[in-house]
Amino acid sequence: MAGDITELDLANIALEDAGGGVLVARLNRPAKRNALDAASVEDLVRLFSEVPRAGVRAVVLAAEGPHFCAGLDLVEHHAADRSPAAFMHLCLRWHEAFNKMEYGGVPVIAALKGAVVGGGLELASAAHVRVADATTYFALPEGQRGLFTGGGATIRVAGLVGKARMIDMMLTGRVYAGQEAIDIGLAQYLTEGSSFDKALDLARAAAENLPLSNFAICSAISHIGNMSALDASYAEAVVAGVVNTQPEARARLDAFAKKTAPRVRPPT
Ligand code: 1HE
């Protein structure tokens, strides 16, 4: 891993090189259920600013303790007694961090467990792949707390589950878990064992892809989603022009032509 990103001095995120270009980034405030205080948000901005330039091929976003993330640090928020402008600027830092994740071009696989709530769900929804386990549950308790989402849920959570389900989650405090959470789109995988092990397997598989292909998958699809159909088809053609002619792909295409590359088969 170039530039040794694991040396980044972060307050609340622990970094570990898992080999093969896979970086494990672990939210590390378990005593506070990994609630996102302002320092944690700055950690995320710094980390995901560096990841695309550090030779990282995939990230596992994990958490210490039994809960993934309890969302906004409500105690800090209460003590700070912020002005509207101050909270707006804080939200803009959340957006900076989560946009860097979603649009950064490096696959981010979230290993979810326990509470994935409020801003914790906003963080998870900025990852490219979400893995849940038997302990994982999802909620948007902002309505009950006298708050509103400020870290992109109106865009990403509504995008995952649809506007009507998001409104219901916020109005009624509805909690989703298990297969139902998968069925509505909150996560793509439900594991019997640890979500971390599965997320690491998926990250290792994604890290085998060519970095330029992953860059397109983990940035172009999101950018293109923001465009008109006309601009989207143009942008897709331009991206494919660059990615699908990369010299690094020639060996893979050659293997396919010579029948030594694996074939796509139905799941077993
Ligand atoms: C916290 C936070 C927090 C825990 N901010 N400190 N998010 C919420 O409304 C979720 C609030 N949290 C909870 O519902 C529960 O804490 C959990 C379900 C996540 C975990 O329950 P539990 O029983 O394991 O822990 P606990 O006893 O509630 O909390 C343990 C400690 O973590 C305690 O601190 P301590 O110093 O008293 O030991 C809690 O205060 C602390 N803690 N959650 C601060 N969220 C950009 S806008 C985003 C809007 C939002 O995200 S709204 C927040 C929604």
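The values are calculated or read from the model by the stated rules, or taken from the named source; none is laboratory data. Owing to the predicted nature of the structure, the values given are computational and were not obtained by experimental measurement. Methodologically, a virtual Cβ is constructed for each residue, glycine included, from the backbone with ideal geometry; neighbour enumeration extends over all protein chains shown. All accessible areas refer to the heavy atoms of the entire protein, side chains included, with ligands and DNA or RNA removed. Shrake-Rupley method; radii C 1.70, N 1.55, O 1.52, S 1.80 Å.
Answer with yes or no whether residue 75 is of a type in the set (A, V, I, L, M) and not in a helix (DSSP H, G or I). Against the criterion (of a type in the set (A, V, I, L, M) and not in a helix (DSSP H, G or I)), residue 75 does not qualify.
Selection within the stretch 32-41: residues that are open to solvent by less than 60 Å² (accessible area, probe 1.4 Å) and either under 18 Å from residue 140 (Cβ atoms) or modelled with pLDDT under 95 (or both). The member of this set that is nearest to the ligand (Cβ to nearest atom) is 35. The condition (being outside the structural domain of residue 128 (by TED's automatic domain parsing), closer than 25 Å to residue 54 by Cα and of a type in the set (A, V, I, L, M)) is satisfied by just one residue among 220, 235, 203: 220. When 45, 51 are checked against the criterion of being within 14 Å of residue 123 (Cβ to Cβ) and assigned by TED's automatic domain parsing to the domain that holds residue 120, a single residue qualifies: 45. Please work out which one of (1) in a helix (DSSP H, G or I); (2) of a type in the set (S, T, N, Q); (3) under 23 Å from residue 109 (Cβ atoms) is the condition residue 209 fails and give its number. Here residue 209 meets the rest and fails (1). The residues of the stretch 47-71 that are within 11 Å of the ligand (Cβ to nearest atom) and surrounded by fewer than 16 Cβ atoms within 10 Å (Cβ to Cβ) amount to a single one, 66. Out of 44, 74, one residue alone is in contact (Cβ under 8 Å) with a residue 40 or more places away in the chain, among the hydrophobic types (A, V, I, L, M, F, W, C) and open to solvent by less than 30 Å² (accessible area, probe 1.4 Å). It is 44. Here the condition is being outside the structural domain of residue 111 (by TED's automatic domain parsing) and of a type in the set (Gly, Ala, Ser); of 153, 181, 240, it holds for 240 alone. Among the residues of the stretch 252-268, those identified as surrounded by 10 or more Cβ atoms within 10 Å (Cβ to Cβ) and either under 25 Å from the mean Cα position of the chain (by Cα) or over 28 Å from residue 102 (Cα atoms) (or both) are 253, 254, 255, 256, 261. For residue 261, the conditions (1) outside any loop (DSSP other than H, G, I, E, B); (2) farther than 30 Å from residue 63 by Cα; (3) touching a helix residue (DSSP H, G or I) at 6+ places or on another chain (Cβ under 7 Å) all hold with the exception of (1). One residue alone among 191, 245 is within 25 Å of residue 18 (Cβ to Cβ), modelled with pLDDT of 95 or more and out of contact with any Cys (no Cβ under 8 Å at 6 or more places or on another chain), and that residue is 191.
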